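See structure below.
The values are calculated or read from the model by the stated rules, or taken from the named source; none is laboratory data. Here the structure is a predicted model, which means the values were calculated and not measured. When we count neighbours, we look across all protein chains shown, and the Cβ atoms used for this are built from the backbone with ideal geometry, even at glycine.
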Amino acid sequence: MALPHTYAEANCSLARALEVVGERWTLLIIRDALFGVRRFGDFATQLGIPRAVLTSRLKSLTQEGVLAREEDAGVVEYHLTDRGLALWPVVRSLLHWGDETYSPGAAKRVFRHEADGGLIDHESRCQKCGAVVPVPEIRTEPGPGYQVPAAEMDPVSKELSQPRRMLTPLR
């Protein structure tokens, strides 16, 4: 039996949350927004997502209050709202699970506390100072399992492959 398209009548918070973030590409858009991607073309380039699907997902995430759309001098950018930032633990946990499941011991990306350089564990706790580190104070960088030759990267991927503070917009 196929699942219903929407879960509005379901008495389950997980089902309702999946209505917002459960469609294909959605969590990848949120992940990239956390990494600093803000423009439509940069999302499209980084993800290789069909433009019509990207348009639909950005519209949905904006309507749900996960992303905010801002236009300045004809340039449109999307950024995470507080509601969107609250998804960081989910994204972080899924990244950790994926690393442990598909590349044990060779994380694709590592996260560090910007203040002291300490590694951040899968619960966002700095291994050096013990603090739970908020997203704006996290630096991300390629981990030991990151294996994409620079010559094969598009400009967005090249920038994202460099150590950078989370939420910092791409140049």
Problem - Flag for ARG83 being surrounded by 13 or more Cβ atoms within 10 Å (Cβ to Cβ), of a type in the set (D, E, K, R) and either modelled with pLDDT of 95 or more or out of contact with any Lys or Arg (no Cβ under 8 Å at 6 or more places or on another chain) (or both) - result: yes
Exercise for the section: Check whether at least one residue in segment 112-133 is within 16 Å of the chain's Cα centre (by Cα), without any contact (Cβ under 8 Å) to a residue 40 or more places away in the chain and on the phi > 0 side of the Ramachandran plot, and report yes or no. Expected result: yes
Handout entry: Single unsatisfied condition, PHE111 versus (1) assigned to a helix (DSSP H, G or I); (2) surrounded by 14 or more Cβ atoms within 10 Å (Cβ to Cβ); (3) not assigned by TED's automatic domain parsing to the domain that holds LEU34
Key = (1)
Completion exercise
Scanning segment 72-110 for residues that are without any contact (Cβ under 8 Å) to a residue 40 or more places away in the chain and in contact with a strand residue (DSSP E or B) (Cβ under 7 Å, 6 or more places away or on another chain), the one farthest from PRO149 (Cα to Cα) turns out to be THR81
Completion exercise
Note on segment 118-169: residues among the β-branched types (Val, Ile, Thr) and either loosely packed, with under 15 Cβ neighbours inside 10 Å or touching a strand residue (DSSP E or B) at 6+ places or on another chain (Cβ under 8 Å) (or both) are ILE120, VAL132, VAL133, ILE138, THR140, VAL148, THR168
Practice task
Quick one: count up the residues across segment 103-120 that are more than 14 Å from GLU141 (Cα to Cα) and modelled with pLDDT of 90 or more.
Solution key: 2
Problem - Condition broken by LEU18, with the remaining ones in (1) of a type in the set (A, V, I, L, M); (2) without any contact (Cβ under 8 Å) to a residue 24 or more places away in the chain; (3) closer than 25 Å to ARG165 by Cβ satisfied - result: (3)
Problem - Single match in GLU141, GLU100 (criterion: assigned to a strand (DSSP E or B) and closer than 21 Å to LEU28 by Cα) - result: GLU141
